[in-house]
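**Student:** The structure that follows is given in the form of structure tokens.
The values are calculated or read from the model by the stated rules, or taken from the named source; none is laboratory data. Since this is a predicted model, take the numbers as computed values, not measurements. Glycine also receives a Cβ, built like all others from the backbone with ideal geometry; neighbour counts cover every protein chain displayed. Side chains included, ligands, DNA and RNA excluded: accessible areas come from the protein's heavy atoms. Shrake-Rupley method; radii C 1.70, N 1.55, O 1.52, S 1.80 Å.
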Protein chains: 2
Amino acid sequence: MWVTSKEPAPRLRKSPEQVRSAVHQAVIDLLSDPEGADLTIPAVAQRAGVNHTSVYRRWGSREALLADVVVTRLERDWPLADTGSLRGDLTAWAEAGVASIRTAEGRLLIRAVALSMPGSATAQGERAQQFQRRLGAIERIRERAVTRGEVPPPLDQILDQLVAPLYLRAIFGIDPPASGYPELLVDRLLGGTGASRPG
Amino acid sequence: MWVTSKEPAPRLRKSPEQVRSAVHQAVIDLLSDPEGADLTIPAVAQRAGVNHTSVYRRWGSREALLADVVVTRLERDWPLADTGSLRGDLTAWAEAGVASIRTAEGRLLIRAVALSMPGSATAQGERAQQFQRRLGAIERIRERAVTRGEVPPPLDQILDQLVAPLYLRAIFGIDPPASGYPELLVDRLLGGTGASRPG
């Protein structure tokens, strides 16, 4: 094993799944740190009790690691219900979203989506692509609606009227209205679809 | 001057205004760095050619510095027009916003608003407060409307339907529609106010 002699020995030999789970938890812990600890790969590795070289090998970069954590947790916490109608599916998605951003971890995760985006001014296209991958749930809701014969609003409009308010509130820590908020957002979105707008 | 002997001598003696300007430009440069340079106070000070102790003394923290840069630049690039009507003022605000997020610096600044927020899970209230200070322009537009006898939508609704889409697109690098976007956002916002919604 002399080829790995430059790496300090890990305290315990962990399975790949244990490494993944420990690393994910370390990311959540560091994001939650009230002192605002820097989220670097060495800091994550130390907290998870694993080699930082294995973290680099498996995830490649801080951004890719954050993206993996975020997608995994959001899929777990924000599942995709099939309610039988476009309005029902969008309302269920918004309800899960509102429930999620009412928790500290939910807000952290959405904030981490923003932080995990490539940071540079020139990576505009790459950033948009990564974000759109995370809109997979919305795409599937639209596809289901089309299969049922419904006409869903364009993705762009769902982004503006449903995703943006939830994300902005999560990122900036602004509480959603106490009740009826998912329905309000969906009413604004679908109420204006394919119908003339008053005013 | 022995009391400051622990600080390295600055290369040139700058006036406070020159320090502020050099430090602000250094923040913008670091935010724009395609390598994704870390935005730390020592890195900013080095790039600006000033003592990092004077940066700490003047701004206190990385977050406070970022907030100062963002507010200064956004006020310069996103001025507040008085067009004589609520619809006109909101459209002008949205037009300035769309023009701003079409530029790399504009997107960086809004991204920096998110990054400059206190990072911890427990600072929810503080984060919301800081963000609301940056909604001053919207508050002034609402106050003017009330003075004219118009009935503006609640701040919360303007946040959801006008601010959130622009901020989300800036943060995630999603281009706004090529034309008519400011008017579209304002139509969605005011079209639904105080009138029954179709559908």
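**Student:** Relative to the other copies, what are the label-point distances for A:G88, with labels 7 Å from Cα along the C-beta vector, expressed in nm at one decimal and sorted shortest first?
**Tutor:** Between copies, matching label points for A:G88 lie 4.9 nm apart.
**Student:** Which distances in nm, rounded to one decimal and ordered from shortest, link the label point of A:V146 to the equivalent label points in the other identical copies, with labels set 7 Å from Cα toward Cβ?
**Tutor:** A:V146 label point versus its equivalents elsewhere: 4.7 nm.
**Student:** Under the definition of partner shielding as Cβ atoms of other protein chains within 10 Å of a residue Cβ, what is the mean value for peptide B:153-160?
**Tutor:** 4
**Student:** Quick one: accessible surface of B:S85, probe radius 1.4 Å, all protein chains present, in square angstrom to the nearest 10.
**Tutor:** Rounded to the nearest 10, the figure is 40 Å².
**Student:** Taking a 1.4 Å probe, which of A:R62, A:R13 shows the most accessible area, and what order do the others take after it?
**Tutor:** So, going from the largest accessible area down, we get A:R13, A:R62.
**Student:** What figure, in Å² to the nearest 10, do you get for the accessible area of B:T40 with a 1.4 Å probe and non-protein molecules left out?
**Tutor:** That residue has around 50 Å² of solvent-accessible surface.
**Student:** Using a 1.4 angstrom probe with every protein chain in place, what is the largest-first accessible-area order of A:V146, A:V69?
**Tutor:** A:V146, A:V69
**Student:** State the extension gain, in nm to one decimal, for the chain segment bounded by B:T103 and B:E183, taking 0.36 nm per residue of separation less the distance between their alpha-carbons.
**Tutor:** Between B:T103 and B:E183, full extension yields 26.8 nm more.
**Student:** Something else now. Which chain A residue hugs the A-B rotation axis most tightly by its Cβ, and what is that distance in angstrom, to the nearest whole number?
**Tutor:** Result for the A and B rotation: A:A164, 2.
**Student:** Right, another one. Under 5 Å between amide H atoms, partner at least 5 residues away or on a different chain: which partners does B:T83 have, H built in plane at 1.01 Å?
**Tutor:** B:D89
**Student:** Defining the label point at 7 Å along Cα→Cβ, can you sort the distances from A:D29 to the same site in each other copy, shortest first, in nm?
**Tutor:** Its label point is 3.9 nm from the equivalent points in the other copies.
**Student:** Enter the accessible area of A:I101 (Å², nearest 10), with the probe set to 1.4 Å and all protein chains included.
**Tutor:** Solvent-accessible area, nearest 10 Å²: 10 Å².
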